[in-house]
1. Enter the angle in degrees (range 0 to 90, nearest 10) between the Cα long axis of helix 88-98 and the first principal axis of the Cα atoms of the chain, meaning the one along which they spread out most.
2. Specify the angular offset, from 0 to 90 degrees and rounded to the nearest 10, of the alpha carbon long axis of helix 230-246 from the longest principal axis of the alpha carbons in the chain.
3. Can you compute the FRET efficiency between residue 131 and residue 192 using 1/(1 + (r/R0)^6), with r the Cβ-Cβ distance and R0 = 22 Å? Round to the nearest 0.05.
4. Hey, got the Cα dimensions of the chain along the principal axes, in Å, largest first?
5. Hey, what angle do you get for helix 7-20 against the long axis of the chain, alpha-carbon based, 0 to 90 degrees rounded to 10?
6. If amide H atoms are built 1.01 Å from N in the plane of the peptide, which residues on other chains or at least 5 residues away come under 5 Å of the amide H of residue 147?
7. What's the extension gain from residue 60 to residue 167 if we count 0.36 nm per residue and subtract their Cα-Cα distance?
8. Which order do the peptides 45-56, 142-153 come out in when sorted by mean C-beta neighbours inside 10 angstrom, highest first?
Amino acid sequence: MPDHRPDFIQKQFEFTANIRDPDNTQTPAGIEERRMDIYRELFYNNIEGFISSTFPVIKTIYSEDHWHKMVRDFFIKHRCQTPYFLEISREFLGYLQNERTPQAEDPDFLLELAHYEWLELALMISDEDINIDSINPNGDLLTKHPVMSPLAISLSYRYPVHKIGPDFIPDSCPDTASHLLVYRNRKDKVEFMEVNAVTARLIQLLNEDEQISGSQALQQIASELHSQNAEVIIAAGLQTLEQLQQQGILLGVNE
């Protein structure tokens, strides 16, 4: 099919295609190879730099060749939906989740680890507004509904992503999930906390029902565990709620 685009637009397409994929496209006519090399290196290095700064663990567990092969594949195939540099990492996560053809060098935990690493940047740059007008920081965490910070996220992963690194690369999925809290503290620093399954369930119940009290959530957990001594679970749960509030994960209770 003939290309009816104006010549200057066609040149732009050729120029950008060669920057993305120099091994499989021709250098646009009339442009010195040395000049194209500068553009190729500049664009790729910028993209790779943003990605490696957000996903440092993933970079360390890949060989240099495999890492650059993956970033180059993203650079060639993915069409970003935002012009903002800080969103490049989210675009890369989307590429891994939806576009990347799994390769032999990709570990089974790649998507979970990528999501975990991306969360740090996502929370760090979040402009989520914390409205405390209807929150009592000194209220009763058992009789009222404890309110989670919008800058705190509870997640469960199949793999212990918070432990993975060059010295620990699991070769099989553990029998039990890893439950993590990722949050931005009062000093605007992103922190990670591993919690047990009961705490993860408690947070889930509080997030699902804005009317449930701390005591009601803990009583439901006691019932799910078939506990004969709900008072023990409620007492331990109160200590957990207080700890979460001290760390800024809980803001207080609804008025």
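1. Roughly 90 degrees, rounded to the nearest 10.
2. 50 degrees
3. Numbers: r = 25 Å, r/R0 = 1.14.
Here the calculated transfer efficiency is 0.30.
4. Taking max minus min along each principal axis of the Cα atoms, the chain gives 79, 44, 37 Å.
5. 60 degrees
6. So residue 147 has HN proximity to 251, 252, 253, 254.
7. On the way: separation 107, 0.36 × 107 = 38.52 nm, distance 1.00 nm.
Separation in residues times 0.36 nm, less the Cα-Cα distance, equals 37.5 nm.
8. Values: 45-56: 16.9, 142-153: 18.9.
Ranking the peptides 45-56, 142-153 by packing returns 142-153, 45-56.
Taken together, the values in this text are just the output of simple stated rules run on the coordinates, not laboratory data. None of these values were measured; they are calculated from a predicted model. Reconstructed Cβ throughout: ideal geometry from the backbone, glycine too, with neighbour counts over all protein chains shown.
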